[in-house]
Each structure stands twice: as C-alpha cells, then as structure tokens.
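FYI, it's all coordinate maths here, none of it is from the lab. Remember, it's a predicted structure, so these values are computed and weren't measured experimentally. Counting neighbours? That spans all protein chains shown, and the Cβs are built from the backbone with ideal geometry, glycine included.
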Number of protein chains: 2
Amino acid sequence: MAGVELPSPDRTPTIRDVAELAGVATSTVSRALSNPDRVNRVTRERIQQVAAQLNYVPSSQARGLSSGRTQAIAVLVPDVTNPFYFDIIRGTQHQLKAAGYTQLLVDTEESAEMEEEALHKMRRSADGFILAASRLTDAQLAESAAAHPMVTINRASANAPTVVIDTPSAIVQSLEHLASLGHSKICFVGGPASSWSNAKRWKAFEDETRERGMTTFRVGPFAPKTTSGAAAADAAAHTGATACIVFNDLLAIGMLQRLRERGVRVPEDMSIVGCDDIFGADFCNPPLTTIASPIEQAGRVAVSMLLAQLNPLQGGPSRRLAVMPTHLTIRGSTGPARVP
Amino acid sequence: MAGVELPSPDRTPTIRDVAELAGVATSTVSRALSNPDRVNRVTRERIQQVAAQLNYVPSSQARGLSSGRTQAIAVLVPDVTNPFYFDIIRGTQHQLKAAGYTQLLVDTEESAEMEEEALHKMRRSADGFILAASRLTDAQLAESAAAHPMVTINRASANAPTVVIDTPSAIVQSLEHLASLGHSKICFVGGPASSWSNAKRWKAFEDETRERGMTTFRVGPFAPKTTSGAAAADAAAHTGATACIVFNDLLAIGMLQRLRERGVRVPEDMSIVGCDDIFGADFCNPPLTTIASPIEQAGRVAVSMLLAQLNPLQGGPSRRLAVMPTHLTIRGSTGPARVP
DNA sequence: CAATTTTTGGCAATCGCTTGCCGACCAGTT
DNA sequence: AACTGGTCGGCAAGCGATTGCCAAAAATTG
C-alpha cells in the first residue's frame, strides 16, 4: 500500500475519505461496500481494506436519504410491560439483528390512535412495520398494509401477511382436558374487548363447549394484567364454574393470587388454564396449566416474512400466513372437578 | 386560505410541498416547524396549518443528515430476555417517547465485544447511548464516554454520568434481617464475574458479614437465569449455610424450584433473599424476599440525564450521578433459622 | 485485426432538510 | 432626515451517501 496517508483529523471518516485514500471515486466505494459484484475484485479489496483501516461506518442517515431504505423496522406492541410482548420483542430483535436491521421499538399503549400515529410518523424512518396484536380496525389495518410493508402478529388482515399463534385449537384441547377431569361448568375469562385474539379464543371456547354441551359462563373484559386478576377471580368464582379458561397468563396469575387470598383452593375448588406460557407461568403457585405458545418464534417468523416482502429475492410469492402451533402444558392449576 | 391547491400526487409530501403551498421558502418552513420563535406568528401559523393539512412529517433521515442530530437514543442491554432489563427498557422507552426521541434497542448478549461494536456502528445513528450494566472495561468505558454522550446504569464510570441502584445498602439491611431471624451462616450466591453490580453486592456482603462476625460462604459465578438456579441451589445447600443472599431474583427463583425438588424447605431449612424485585418475585413459591429496586425509574432517570447532557438548556452542570434508593421487601422466602 | 460486448469506474444529480449569511423592512433614536 | 438595531424571510451551500448514465478499458467474437 503506497497510498496517501490521511491523518484522520478526529472527524469520523466519510465515504469521501475512503475514496481519497483508496484513490477512487466515492461511487466506487459505495458500490464496493454495498454492491460488491459491481466492482473489480482487487479494487474492492483495496477499498475494503482502507475502509477497515479508517474504521469507516456508512452513515445510515445519508444512506437512507439517498436510497430510500433505512434498514430499520418498527415493531409496535400494545404494552412493553407485558411479558408476552417481551418474547415477541426478543424474537424480532434477534432476527432483525441477524439480518443487519435495526429495531425501532414502539409502545402503543393499547391504543389504536397511538398505533396509527406511530405508523404515520415512522413511515419514513422504517422500511417496514411489525404490528403485534394490533388494535386497529380492519379498515385501518388494510389501509396501512397497503401503504407500507408490514406483517401482523396475532391479528389477521386482508392485506398484510400475518403470523398467528394458534391458541384456539389448543383451547379445544384444554376443554377436553377439563372435561376428562370431570368439569362441566366452565368460565371464560375475557381479555381486552378490542383484542382479536380474545375474540378468536372466545369463539373456539364457545363452539367447543356448545358441542360438548357444557355449561358456560363468560366474564370480562379485563385488562391483561395481573392486577386485574382480583376482579377476574371474584367474577369467575361468583359464576359457580369449577374451571376457568383465562385470556392470558398474566390475568391467570393474578387470579391465582386472589383465589388463594379468598381461600379458594386451586385446583381443588377451581381449575385454571391460562394462555401463552409466559415467563412466570411455571413458577407461580400453583404452577399454571397453560397453552404454550412459541412466542419468540412468532416474532422471528414475522421478521422473516417482512424481510421476504422487502427483498423479494428468489422465486415464488412469499408466505401470507404462518400459523404457529401451540400445545397444552399441564401443570398444577388444573385438577379433578370437585364433586358437588 | 386562497392558496394554491396541490393535488398531493400520492408521493409523501416534502418540505418543499409545504413551502409551495404556503408560499414561502423551505427554510422558512423548516424554521417554523423546529424553531418557531424565528418566524413571525402569522407566517408560522399558516405554515403549520398547511403542514397539518398535507399531513407532512419531516424525514428524520434528511433532518439527521443536515443537522447532525438523529433524535434517537440507543439503549444497550446485556440481555433482552432478562426481566430486569425489561423494566429498564420500559422506563427508557417511556421517557424517550415523552421527549420525542426514538429508542434503538440493542441486545449485547452479555458481551463486551458486541457492546463495543454497537457503540461504534451506531455512533452516527444515535445522539447518545444508555448502557445498562455494561460489560466493558473501565478503559473502554472511559473511552467511549469521551467519544459520545452516554450514561450508564449500574456501572460507575469516570467519564459518564451514572445511575446506580443502591442495592448494596439494602444488602446490609438484608443481613440485619437475617441476623434478627437467627441466621449466622450465610451464603452469597454470585452472578456474572464481569458484572460490576455483582462485585458491589459481594463487597457489601463481605464487609457487613465480617463486621457482624458471621460465617460466610460464596458460590458462583452463575449466569443470571432461572436455569442456573439448580446448580446454584445445590452449591449453596452444600455449604451448610442457612440463608442465601442471591445475586438476583432470576437466579433466586431458579433456586427456589430446585430446593423444592430436593426437599429443602424454604424458608424452614433455607432462607433466600433475592435482588431486584422483578416481575414474578411476588408470585413465585414461596414469594421471594428481595431487595426492591426502582428499575423502571432508573431507566427514566438515565434518559433524563442523557437528554440534559445533549441539550444543556438552563443553568448548572447536569448531574453526574443518581443513586436510586432500594429497600428490603420481606415475603415468604425468609424465616427463622433452623435450630441445629 | 476490426467490431462488438462486457466490465469497470467516474461524473454529477439527487434525496429532504438545516443553517449561516445576507438583505429588506420596520420601528425607534438622534 | 439620517442612523441604528432588531425581525423576518430567502438564498444557497452543504450533510453523506446512492445511482443512472456514460465512457474508457478489457475481453470476446467473427
């Protein structure tokens, strides 16, 4: 290397510094770095070497401005507080990082307005969106799916690819489990009214219990937080049901606590089935029987689908729907029905 | 408004569109939007109205390119999996959003290399960094603190403002609690060797137990995960101690499970004190006595300190250190020492 | 060996916004 | 009436990349 020695003047190096040191034009540097085939091997290697030597990192700002791509994906979740979304975030984070993308995390606070606003405000700064458990209406969803690349998680949409966690089918399984334990009066403890998952879960519950001729109750809606568990527990206990299928584990865990306080024994007096198998479901007291979901994987799959949409490399149209399997995990919170 | 009617040709509007419609130069639009005092009230209002009407959102890319500021903060955590960091993230997320900043979340996987890499790669795309429980060496930390605005959480640094959660002082309190229950043989269950917090906690433990003339043991290091709890429990049980102070709740919860499996009763045979009071500490079995920390608040404070550093508005130098108070929360995992 | 095609690298126009600088305009002072 | 100082808005130069277009060079072909 008999090149010029640029005495790196403190300032972070730009593509021009690299170009000068390597004795080429900036366009060549640009190509060498992001479109390697477009430039001769030896030139490319020289450039790469200079870039490394200079510790050059392209400005994502500038790159984004000129190319229109930001290499960032916004992930919108209703509540960063909720362990369920932690797992989603973990999954997306992982997969995005692997693909060289940045994750823009947004908490929409269970609000459709905030969701819309984020979608709108970030449309320039993100190449695509992942909406977990969107609270948008079908129309809103369809509209934004048309406007930007996006994929939804646990929320079917006409226009956007979707990954759904197939909790409903495991609800059927749970009901079978409960029936086998002698339960016939079952209560569905509902989650947020605007939640698509909640509707699906209820539907599965309703269909299957009708089929089986079970006596059913429904209480709710409740916020998906442990703190709502007390109200949920009281309501459920009041119905006279001997078992509950609860919208999610957070709520179920809250119920467990309240039931214990009230002297209602779980599972002797009341069986509880949660959904999601979040962190904590295995060590609460009693450990929660729940519908285990590959949440993190759902996050990963969502990213893959989104990236496939953004970079339609090889053949065939990309998947429009991914259904993640679930299964019932039986722990201590379900047991034989109390004989009257 | 007898202005021109621009038939918004699908394309997302730029500052130029706003300028034309409002009949001013782009520079005026720019000022009206981000430096309101610099432009006459009526002009400003007209511009704002046009901008709203056009649904104009400035491109953060372009803005960043020309101004050098990105309005984004990178938050680096060792492990997005860990509930402790969830709380941090929640705090930063909240505060950043309130200030109009975007959060760039990065999982450094407990690795100093990844941390350095992220710091380097993102220096252009983030205005500042928040490092939670950094794994960097003091030298590395000092260097990067000199290079970019940053604040650390639970990691003192010469150059960067820091927010520390004062767990050590509550460790003293825990020891007092254990002593009052008759414990004299106490085991410290250590976390990651590279963790600054771990060192501080051990130090506090060591000093106080020596002072009190207690018999101490130390086991570890263990990874801060529930899955490491089994090994930790076995090691701790083997020491003959009647009580443990555990590096964090995750590990403590894991120990609880293992101890139960082994038939070691908590707290009858062994008392356990955790650290952090994470999600789950209150509903595990038995509920965990732990050192409660205002984790989310720590995240918020970190953001405030960072923003203060970035926008040194009013008087005085900004805080260099924030100490978050902690307290012992007694639940079911500690009890009287077994009499030999 | 001339003609043609393929590689390779440079030029220069953008991308959308910010900001230093300047001039116009408008009081308020001498 | 000339001067001074402050407001307000426009001009135009960037910011740091990407990329369409083109020409020189190299490789291939007839």
B:A133 neighbourhood, Cβ < 14 Å, K/R = +1, D/E = -1, net charge -3
Express as a percent, rounded to the nearest 5, the fraction of DSSP beta bridges in the protein assembly as shown (both residues included) that run antiparallel. 10
With the cut-off at 1.5 for a/c, could you classify the protein assembly as shown from its C-alpha gyration tensor as rounded, prolate or oblate? oblate
Tell me, how many Å apart are the Cα centres for region A:286-340 and for region B:286-313? 33
Treating only Lys and Arg (+1) and Asp and Glu (-1) as charged, each at its beta carbon, one finds that region B:155-290 has a dipole about its Cα centre, in Debye to the nearest 20, of 360
Could you work out the mean count of beta carbons from other protein chains within 10 Å of each residue's beta carbon in B:283-291? 3
Packing-based order for B:107-114, A:158-165, using average beta carbon neighbours within 10 Å, highest first: A:158-165, B:107-114
If you average the alpha carbon positions of region B:99-131 and of region A:133-201, how far apart do those two centres end up, in angstrom? 34
For the protein assembly as shown: lysine pairs under 29 Å (alpha-carbon distance), excluding those fewer than 8 apart on one chain: 21
Place the label 7 angstrom along Cα→C-beta at A:T26 and in each other copy, then list the distances from the first to the rest in nm, shortest first. 1.6
Starting with the highest mean, order B:90-96, A:240-246 by the number of other Cβ atoms within 10 Å, averaged over the residues of each peptide. A:240-246, B:90-96
Sorted peptide list for B:295-303, B:194-202, A:323-331, criterion being average Cβ within 10 angstrom, highest first: B:295-303, B:194-202, A:323-331
So, with +1 on the Cβ of K and R and -1 on the Cβ of D and E, and no other charges, what is the size of the charge dipole of chain A about its Cα centre, to the nearest 20 debye? 560
Residues whose placed amide H lies under 5 Å from that of A:L105, excluding near-sequence neighbours: A:V75, B:Q103, B:L105
For the protein assembly as shown, with the dipole built from +1 on Lys and Arg beta-carbon atoms and -1 on Asp and Glu ones, taken about the Cα centre, which of B:Y101, A:S194, B:G191 lies farthest toward the positive end? B:Y101
Once the label point is set 7 Å along the Cα-to-beta-carbon vector, what list of distances in nm do you get between A:A156 and its counterparts in the other copies? 5.9
In peptide A:100-106, what is the residue-averaged number of other protein chain Cβ atoms found within 10 Å of each Cβ? 5
Environment charge of A:T290, counting only residues whose C-beta is closer than 14 Å and scoring Lys/Arg +1, Asp/Glu -1: -3
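From other protein chains only, count the Cβ atoms within 10 Å of every residue's Cβ in B:83-93, then give the mean.
3
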Two-decimal Rg to Rh for chain B - Kirkwood Rh, Cα set: 1.15
Computed [θ] at 222 nm, helices only, for chain B once each DSSP H run of length n ≥ 4 contributes -39500 (n - 2.57): -13500 deg cm²/dmol
Only bridges whose two residues both fall in chain B count here: according to DSSP, what percent of them are antiparallel, nearest 5? 10
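Need one word for region B:167-294: rounded, prolate or oblate. Basis is the Cα gyration tensor (sqrt eigenvalues a ≥ b ≥ c); a/c below 1.5 gives rounded, then a/b vs b/c decides.
Values: a/c = 1.32, a/b = 1.14, b/c = 1.16.
Verdict is rounded for region B:167-294.
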Inter-copy distances for B:A112, nm, shortest first, label points 7 Å along Cα→Cβ, are 5.2
Farthest positive-ward along chain A dipole, Cα basis, beta-carbon charges - from A:P312, A:N154, A:P36: A:P36
Using only alpha carbon positions, build the gyration tensor of region B:62-161, then give the equivalent ellipsoid semi-axes as the square roots of 5 times its eigenvalues, largest first, whole angstrom. 20, 17, 12
Nearest 20 debye, what's the magnitude of the dipole of the protein assembly as shown about its Cα centre given +1 on Lys and Arg Cβ and -1 on Asp and Glu Cβ? 660
C-alpha center-to-center spacing [region A:219-235, region B:32-93] in angstrom: 37
Using Cα pairs under 8 angstrom and six or more residues apart, how large is the relative contact order of chain A, in percent? 16
Taking the Cβ of B:V264 as the centre, find all other residues whose Cβ is under 12 Å away and add up their charges (Lys, Arg: +1; Asp, Glu: -1). +1
